[in-house]
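Down below is the structure, laid out as structure tokens.
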Protein chains: 2
Amino acid sequence: MGIEEIKTADLNSDQFIADQVANIRETVGAGMAINALSGGVDSSVVTLLGHKALGDQLKTYFIDNGLMREGEPQAVVDMFADLGVPVINLDAQDEFFAALAGITDPEEKREAITRTFYKDVFGRLVRESGAKHLLQGTILTDVDETVAGIKRQHNVFEQLGIDPQEAFGYKIIEPLVQIRKDGVRKVGEALGLPSAIYARPPFPGPALSARVIGEATRERIALVRKATVIVEEELLSSGAFQCMAILHEDRVTGMRDGERDFGLQIEIRCWDSVDARQATPTELSFDVLRKLADRMTSEVPGVVSATYNIATKPPSTMEAV
Amino acid sequence: MGIEEIKTADLNSDQFIADQVANIRETVGAGMAINALSGGVDSSVVTLLGHKALGDQLKTYFIDNGLMREGEPQAVVDMFADLGVPVINLDAQDEFFAALAGITDPEEKREAITRTFYKDVFGRLVRESGAKHLLQGTILTDVDETVAGIKRQHNVFEQLGIDPQEAFGYKIIEPLVQIRKDGVRKVGEALGLPSAIYARPPFPGPALSARVIGEATRERIALVRKATVIVEEELLSSGAFQCMAILHEDRVTGMRDGERDFGLQIEIRCWDSVDARQATPTELSFDVLRKLADRMTSEVPGVVSATYNIATKPPSTMEAV
């Protein structure tokens, strides 16, 4: 199945919104639809498009998988309440951590989250709601990378020959599949999303579990969540495309109070990019890098070392896992 | 046993050399002594002091443990030949790799190298040579860190209550134990060592096995040896105290020719320091960092990512393992 790309330079946001709203209405008809809002720009834009098209026919859920950033669940629900869009917060932490237990391979992690999300948690919601359609924020870059086998995005099925109707019992509508990240931001701005959302750096589908090398336990997620707060406090204002903290599984030698401490290492990545296909490390000053390292080693328990990514994409990817 | 520090500012190199030469002569008497030269500044200075004191009574060995930098064994032997000091090159690679097989814990690695070095290889040499004394380049910082339990230096026994006479069959003489790295450089200069040696950045006792997180196999040592060549080519002229490449065990996602490549990561550390007790990352330009990353990912097979250390010592140590 070929997807016709709409280049950002050619994108007429108002026309795009009108087309997608009409398309969603026609596809869903008189039935119910649901969607999951993660708080990222893609799912936020889809939520507004869906709400515009369907009003009360759309139920929007925030699935708290325990892998979100600090304070994220409540912040997202509150922000959309201000926009007049009701969002239901569903605590599914136990289900996700049970599915992730013992898994260290990145692809298996994504697989476990995908299965838990779509089949267990969402499958149940769809059955309970009677919805026959699911709206989601797949963008063209997700499709490219999944087809190329670089990464398994959690939201790409048809391109892999998987029929969600057959596999999970519902149809997926992907209003953003012809555009890329910068196009999504443009549409978000036109939809009146507050800049805190449409300018928000991308966050991976598997959330903080993609920021932990090795097993994503509750404890390790809590550590990388703390590190993520620090990175975002120090770097979000830098104008970088995306910034992140990654908890390594490797241990390195450090010292505390004159004694040996075989501890943890946090890798910081901060990317300059237009559309996520290519990216280069942001040229942060050493004042900023030193402050990041000092905060990581003093505020995140057990961390004795911090590094900054200096590789480009390619050959690196933006996320480590 | 208390050691009286000679501060570098108070160090009279000529007096220090005369005192140590006299002390070595008196301790060794008419017998034979041996020492191992690694090519680092500490063991180079000890070799010259010992040669000055003992002449033909001293046999100097270069033990090729397979963990050395590219071209190091021959370069060291040649350099000392130019200084009139004969050095015997002993290939013990098989013994060291056999001892390291299956070991991932850093302390156990050091232990395996220590045992192989002192007990197996050196013990055999001492028995064959009839030497009763071993000269070695322990400095005060090694003693401090070993006593504090931060790191097990490979050359500190008495301070840990181990009697080398009893354990290994010989006595150890440590002419540099009252001074630190900057003092050693000062003495080396006074001894007429070429600047390529006395200004040489420190290299750890366990050599490249300390630059590999996880098992130090022949293959992984070969990778980090390549990375070390790159780091030294790009950074030795920067005037940094020490620079290194570390091969991580963690794997990270990358892409090659549009396809997913779950690959290796190299961490680069470059330190500014006076005496190795405290250290800060050198403020390299992003031009240099980018070139380092490009060379690592294009010249070292399997590497898709590179990072630069931004933590200080403490709480980090200079070496990772």
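Residues of region B:251-271 that are open to solvent by 10 Å² or more (accessible area, probe 1.4 Å) and within 30 Å of B:R218 (Cα to Cα): B:R251, B:M255, B:R256, B:D257, B:E259, B:R260, B:D261, B:F262, B:L264.
Per-residue answers, yes or no, for (1) part of a loop (DSSP other than H, G, I, E, B); (2) touching a Phe, Trp or Tyr at 6+ places or on another chain (Cβ under 9 Å):
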position: A:Q265; (1), (2): no, no
position: A:R269; (1), (2): no, yes
position: A:R277; (1), (2): yes, no
position: A:D294; (1), (2): no, no
position: A:T297; (1), (2): no, no
position: A:S305; (1), (2): no, no
position: A:A320; (1), (2): yes, no
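One residue stands out among those in region A:256-271 that are more than 7 Å from every other protein chain (Cβ to nearest Cβ) and in contact with a His (Cβ under 8 Å, 6 or more places away or on another chain): the one that is nearest to A:A240 (Cα to Cα), which is A:I266.
No other residue among B:V274, B:V212 is β-branched (V, I, T), surrounded by 22 or more Cβ atoms within 10 Å (Cβ to Cβ) and more than 7 Å from chain A (Cβ to nearest Cβ) apart from B:V212. Among the candidates A:I63, A:I88, single out the residue that is of a type in the set (V, I, T) and either touching a residue at least 40 places away in the same chain (Cβ under 8 Å) or in a helix (DSSP H, G or I) (or both). Result: A:I63 is the single residue among A:I63, A:I88 that is of a type in the set (V, I, T) and either touching a residue at least 40 places away in the same chain (Cβ under 8 Å) or in a helix (DSSP H, G or I) (or both).
All of B:T253, B:T217 fail the test of being within 12 Å of chain A (Cβ to nearest Cβ) and of a type in the set (S, T, Y), apart from B:T253. For region A:277-301, a tally of residues being more than 10 Å from chain B (Cβ to nearest Cβ) and open to solvent by 40 Å² or more (accessible area, probe 1.4 Å) returns 5. Just the residues that are buried (at least 18 other Cβ atoms within 10 Å of the Cβ) and either in contact with a strand residue (DSSP E or B) (Cβ under 6 Å, 6 or more places away or on another chain) or hydroxyl-bearing (S, T, Y) (or both), please, taken from region B:72-88. Passing the criteria: B:P73, B:V76, B:V77, B:F80, B:V87.
Here is a check on your reading of the model: is B:A245 surrounded by 16 or more Cβ atoms within 10 Å (Cβ to Cβ), in contact with a Phe, Trp or Tyr (Cβ under 8 Å, 6 or more places away or on another chain), among the small types (G, A, S) and within 20 Å of B:V321 (Cα to Cα)? Taking the combined requirement at face value, the residue does not satisfy it. Residues in region A:1-27 that are farther than 22 Å from A:D182 by Cβ and loosely packed, with under 11 Cβ neighbours inside 10 Å: A:M1, A:E26. It is to be established whether one or more residues within region B:94-101 are closer than 27 Å to B:D56 by Cα and of a type outside the set (K, R). No, that holds for no residue. Those residues that are among the β-branched types (V, I, T) and outside any strand (DSSP E or B), I need them from region B:25-60; list them, please. Within region B:25-60, B:T27, B:V28, B:V41, B:V45, B:V46, B:T47 qualify. Scanning region B:103-115 for residues that are open to solvent by 60 Å² or more (accessible area, probe 1.4 Å) and assigned to a loop (DSSP other than H, G, I, E, B) returns a single hit, B:T104. The test for being over 18 Å from the mean Cα position of the chain (by Cα) and either assigned to a loop (DSSP other than H, G, I, E, B) or not charged (D, E, K, R) (or both) holds for B:A98. Say whether the condition of being under 30 Å from A:G263 (Cα atoms), at pLDDT 90 or above and open to solvent by 30 Å² or more (accessible area, probe 1.4 Å) is met by at least one residue in region B:89-98. The answer is yes; a qualifying residue exists. The single residue among B:D250, B:D287, B:D261, B:D294 that is in contact (Cβ under 8 Å) with a residue 40 or more places away in the chain and either more than 24 Å from the chain's Cα centre (by Cα) or closer than 30 Å to B:T138 by Cα (or both) turns out to be B:D261.
Within region A:302-319, the set of residues being more than 7 Å from chain B (Cβ to nearest Cβ) and either within 30 Å of A:D257 (Cα to Cα) or of a type in the set (K, R) (or both) comprises A:G302, A:V303, A:K313. Filter region B:216-236 for residues that are without any contact (Cβ under 8 Å) to a residue 40 or more places away in the chain and more than 26 Å from B:E108 (Cα to Cα) and give the result. The answer is B:E233, B:L236.
Among the residues of region B:52-71, those that are farther than 17 Å from B:V121 by Cβ and surrounded by fewer than 23 Cβ atoms within 10 Å (Cβ to Cβ) comprise B:K52, B:L54, B:G55, B:D56, B:Q57, B:R69, B:E70, B:G71.
The values are calculated or read from the model by the stated rules, or taken from the named source; none is laboratory data. The shown structure was predicted, so the numbers you read here are calculated from the model rather than taken from an experiment. When we count neighbours, we look across all protein chains shown, and the Cβ atoms used for this are built from the backbone with ideal geometry, even at glycine. Surface areas here come from the heavy atoms of the whole protein model, side chains and all, with no ligands, DNA or RNA. Shrake-Rupley method; radii C 1.70, N 1.55, O 1.52, S 1.80 Å.
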